[in-house]
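Values quoted throughout were computed directly from the atomic coordinates according to the rules given, and no laboratory measurement underlies them. Treat the numbers as computed from the prediction; the structure is a model and nothing was measured. As a convention, Cβ positions derive from the backbone with ideal geometry for all residues, glycine included, and neighbour counts pool all protein chains shown.
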Amino acid sequence: MAIFLYRIGRWSFRRRRLVLRLWLGGLLLAVVAAAVAPAGEEEDLSMPGTESQQAFDLLDQRFPESNSQGAEARLVFRAPDGQQVTARENRAAVESALRSLDGGDQVASATDPYETGAVSEDGTIAYSTITYTADTADLTESTKNALEDAADQARDTGLTVEIGGSALDAEEEPGGTTEIIGVAVAAVVLVVALGSLVAAGLSLLTAFVGVAIAFGLVSALAVPLGLTSTVAILALMLGLAVGIDYALFITSRFRDERARGSDPEEAAGRAVGTAGSAVVFAGATVFIALAGLGVVGIPELTRMGLGGAGAVALAVLVALTLVPALFGYFGRRVLSRRVRKATRQGGERPHAVPTAAGRPGLGTRWARFVLRRPVAVLLTAGLGLGAVALPALSLELGLPGDESKSVETTQRRAYDLLSEGFGPGFNGPLTVVVDTSESGDTRATTDLVVTTVRELDGVASVGDPVLSRAEDTAVLTAVPETAPNSSETKDLVHAIRDAVSGVETDTGADVLVTGTTAMNIDISEAMSDALIPYLTVVIGLAVLLLTVVFRSVLVPVKAALGFLLSVGAAFGVLVAVFQWGWAADLLGVEQTGPVMSLMPILIIGIVFGLAMDYEVFLLTRMRETYVHGASPDEAIVNGFRHSGRVVAAAAIIMVSVFAGFIGMNSPTIQTMGVGLAAAVAFDAFVVRMAIVPAVLALLGHRAWWLPRILKRVLPNVDIEGESLSRHAPPSASTPDTAVVPRLPVRPR
């Protein structure tokens, strides 16, 4: 593979005009396709095979005139202090506002709170439920404006009016202030790490090209593939992070090769053949982990995984082709100022710059420190991550609702008013569906179900049942006494299902519990059940791939255990912030509660690939030095001297990009930003920079041991580019003669 990529790097350098035109053409096509494509729809989470999803499907079949998961709004009215909404003037204002919605486009119905009894016991709060014939994404601006105008009309009379429900839900748009700050931090880190504005700009430019194409493709395919705004933001987040990092790794290797005396084209080829091999492997691990999210069975998670995987694949292609092409355009300006000064007067070929000259760098000093105290470093880092991971034992999963939104939003204020007037469980009603198509008397069976549910502890009220036209299906609403995301409501859902199982046995009817709250509970439980199997698959994949790459047994095991530590610590941070409220105000978290149920699996999938990035880029240089005859300790020092600074810069960049999304209002994106930023920081700086060299120092030569049978079976992917020493000119054939003398290559 190294030789193949080496040829790609040289070809891209020579044919740089063609490569640049192809990428600019792809960028233009993606932008045009995104501009002319219709906007995608924001779909509700679904989980095929769960009881709640089966009930939703049954409702759509038996009640075709309604949309069981369609848009809905609640106009919540509160009387001025000392008054009641039932007072004549207040009632007139409420009814007038509701009449303005009658006959409106896409409005199916608007209930009268005085006829339906939707007035609080103290008479201060009332609400009307407005249902629509279309999903939230299909509501027109005129429909939303009519809803807001009705609220304003009632406000003008002195009433407090808030709008809840899904009708005003909006897509989260990228491009806020915090994202810009994250990119700015990445730019500063690149300039400091590379010592060249041109080299830093090259990494940013290529990353932006890949991200723009990925974002354009996601937008263009939103309707045919059902991609949501969350998919687009995840593609943007991952594309920026890995795109900058991959370009940085190849640029850094290109500069090393130029500093040793290679001509520009040869340096571009060797950079892609060596660092590019690591980029391909690292990108492949991220791609496989994200694409593997489809096995969980949640369509939205599958789409998020595929969208992120596509962005990563584009980042890899850009790094392998566009980056070496731009080397040809920018010339010596890619090099650091020190190397440019060493260039011969009037020539293009730089003198070989001895990288070991002068005072050792921070990476070298850190590696030597770890080699002197491996046990102390290992215990400190391992116990520290273990302590941070302890809160993960209290991890609770759920899905955010209006209660997690900012108090500045009308949806959150409506949620609070309804909780105040009708109890905390009112915002999370449960829908009980009674299917008697295969049994007897619908009314008698339904009455039995109503009686059974009302007798359960934790049920505040049960509404009157509604029958389908064929009278073979009944729907009733049960309001819990507790909030939607509370553990008591979760227990109540299971209690209702257990209680009605006796009715099913006696009558032959099917009784299903659904609703948004029940669906969220089912999805959260499915996520919990899938977490360990998915983690097992990911760990197994990590061990297998790293065994092939490094031809070692202990290195992959060490990498997998380190990955578990970093992921566990990231989960601990999520629990501390989003459940316990630590630093919640600082991060802009409005409401504590269960962690978004999709996050653990999503973070495992993403961080697995990113962790392998740093493992590969750091250990590739170590193994490259080791197979050329260096001692294990010398290999560790050489790996940090070459890659430590670059890996640290790449990690800071990735953390900055992920942290830049914390400021978004979407709880999903906010949770993702905190979790990914924490996981990458722990994995790069604690696991890869501290635990990995400490373990390698303790293992010595045994770290690179591989049984003979595996040597014969496993393919040799040559990620270090050893084959290039026989293929490329001798000027760039040794890893670093300033540190490692020319020695016989160890058997692989």
message = On alpha carbon coordinates alone, what is the Rg over Rh value for the stretch 67-165, Rh being the Kirkwood radius?
response = 0.97
note = Taking only the alpha carbons of the chain, the radius of gyration and the largest Cα-Cα distance, Dmax, both in angstrom, are 30.2, 98
Average projection area in nm² (convex hull over Cα atoms of the stretch 177-249, one quarter of hull surface) = 4.8 nm²
request  = DSSP loop (so not H, G, I, E, B), at most 14 other Cβ within 10 Å: list which GluC sites (Glu not before Pro) in the stretch 50-117 pass both filters.
outcome  = Glu65
query = Which ³J(HN,Hα) values, rounded to whole Hz and listed in residue order, are derived for the stretch 512-520 from phi using the Karplus coefficients 6.51, -1.76 and 1.60 in 6.51 cos²θ - 1.76 cosθ + 1.60 with θ = phi - 60°, glycine and proline given as x?
reply = 10, 10, 9, x, 4, 5, 5, 4, 4
inquiry  = If you build the convex hull over the alpha carbons only and average its shadow over all orientations, what do you get for the stretch 1-156? Give it in nm² to one decimal.
reply    = 17.8 nm²
remark   = Normalised per residue, the volume inside the convex hull of the alpha-carbon atoms of the stretch 430-514 in Å³ amounts to 74 Å³
message = At 20 °C and a viscosity of 1.002 mPa s, what translational diffusion coefficient does Stokes-Einstein give for the stretch 545-681, taking Rh as the Kirkwood radius over Cα pairs? Give it in µm²/s as a whole number.
response = 131 µm²/s
request  = Per residue of the stretch 76-87, in order, report the coupling 6.51 cos²θ - 1.76 cosθ + 1.60 (Karplus, θ = phi - 60°) as ³J(HN,Hα) in whole Hz, putting x for Gly and Pro.
outcome  = 10, 10, 10, 6, x, 4, x, 10, 10, 6, 7, 4
ask   = By how many degrees, 0 to 90 and rounded to 10, does the Cα axis of helix 141-155 deviate from the longest principal axis of the chain?
value = 60 degrees
ask   = Using 7 Å Cα-to-Cβ label points, what is the Leu586/Glu438 separation (nm, one decimal)?
value = 5.7 nm
ask   = Amide H to amide H, which residues 5 or more places from Thr482 or on other chains are under 5 Å from it, using H placed in the peptide plane?
value = Gly425
task = For a label point 7 Å from the Cα of Arg373 along Cα→C-beta, name the residues of the stretch 631-658 whose backbone N is under 16 Å from it.
result = none
query = Sorted by packing (mean other beta-carbon atoms within 10 Å per residue), highest first, where do 573-581, 239-247, 632-640 land?
reply = 239-247, 632-640, 573-581
key: Per-bin percent of Cα-Cα distances, the stretch 391-432 [5 Å]   = 5, 20, 20, 21, 15, 11, 7, 0
query = Does a label point 7 Å from the Cα of Asn716, set along Cα-to-beta-carbon, have any residues of the stretch 1-32 with amide nitrogen under 16 Å, and which are they?
reply = 1-4
request  = Note down the magnitude of the dipole of the chain about its Cα centre, charges +1 on Lys and Arg C-beta and -1 on Asp and Glu C-beta and zero elsewhere, to the nearest 20 debye.
outcome  = 8440 debye
task = Would you kindly calculate the translational diffusion coefficient of the stretch 161-288, applying Stokes-Einstein with the Kirkwood radius from alpha carbon pairs, for 25 °C and a viscosity of 0.890 mPa s, and quote it in µm² s⁻¹ without decimals?
result = 146 µm²/s
